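The values are calculated or read from the model by the stated rules, or taken from the named source; none is laboratory data. For clarity, every value in this text was computed on a predicted model and none was experimentally measured. Virtual Cβ from ideal backbone geometry, glycine too; neighbours counted across all protein chains shown.
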């Protein structure tokens, strides 16, 4: 078989596997979105049902964690493992997704992104091991019938070759082809995911906050708003540190610990059901749903959302924190905007939200890009200024620390 023919076949099989990864990712989001909303739409009108449902969720989540271990894994743990060892253990990827699914369905205030990204990393490593097997066993593999090839290619636990630096081809052209094909596979998986989301009319994660009319006078508030966002983020980090210490018990009793999270979900469902879940589907409704309330009330809601997030994370209801934090940060910004009625509310909300989220998530580049998705394009120069302020602060801090 010629080298070009081999490469084309490997790329074809890579496209098939990456499409499968996109389908699995879509299936997770589809089930999470539909099951959670069907469950809570049925339960919320009957308050007497909420506590039993929450307790049931706690028992299920705690039991799964007791049986399978510390799942779901969050993305940064999986990525750190991949960087350190060049591979990850993907055998339990569906355990990871299953526990995450139950956590999200039963109303925890966490996002799907951490467990989903962690699982995508696992599946991508599985794909690489599959293609490594196909490359190393090409004669045997391509002599099989088409059906047997598919069986070999999609078998979850067999026909795999784990990464080892001594086994990797060292030809620079092959390395470049590998990088290029990996990019294509990632894009292919994303396309499969978004096409399925579109075909099934799933709600978008991205919704705009409204229109902006900001002018140069708003820049007078830039530094004060950045400082407010910075202090808000530091308060959250302080609370996170204390709550991690307060919840440092029952490490070997995941069911009891998960039931504490169940109580927090119950209280939230009774008094502020809009704070259930991560907030990704509620972001677009912030200007309409919340801005008729007072500044004090909104700040309390922000604090409760973040406390709810931390209780979930510390009681085994593990998930992503990006969407809940961005939700709270944007709401925090709109709350403060009411103190400056003659200034542009979108400008204020964007600056406060970006500053607060940068501090909490420690990402002066990624967070402004992410927050910009929720605001009109006219606000981009402002978010760039906020990003530059925090990048300069980070460099200055490192320089002074030397």
Practice problem: Output yes when any residue across segment 210-221 is outside any helix (DSSP H, G or I), farther than 30 Å from residue 368 by Cα and either modelled with pLDDT under 95 or touching a strand residue (DSSP E or B) at 6+ places or on another chain (Cβ under 7 Å) (or both), and no when none is. | Solution: no
Quiz item: Which residues, counting only those in segment 77-88, are closer than 23 Å to residue 317 by Cβ and without any contact (Cβ under 8 Å) to a residue 24 or more places away in the chain?
Solution: 80, 81
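Check every one of the helices (runs of 4 or more DSSP H) wholly within segment 32-144 and list those with 2 or more residues that are modelled with pLDDT under 90 and crowded, with 22+ Cβ neighbours inside 10 Å. Give the steps one after another, and end with the answer.
Numbers: elements: 47-68, 75-85, 93-105, 113-136, 138-142.
Correct list: 113-136.
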Quiz prompt | residue 262, sole failed condition from (1) more than 27 Å from residue 353 (Cβ to Cβ); (2) modelled with pLDDT under 95 | solution = (2)
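List the helices (runs of 4 or more DSSP H) inside segment 289-369, counting only whole elements, that have at least 1 residues being assigned by TED's automatic domain parsing to the domain that holds residue 262, buried (at least 24 other Cβ atoms within 10 Å of the Cβ) and touching a strand residue (DSSP E or B) at 6+ places or on another chain (Cβ under 9 Å). Working first, answer last.
Working: elements: 295-314, 322-337, 345-361.
Output list reads 322-337.
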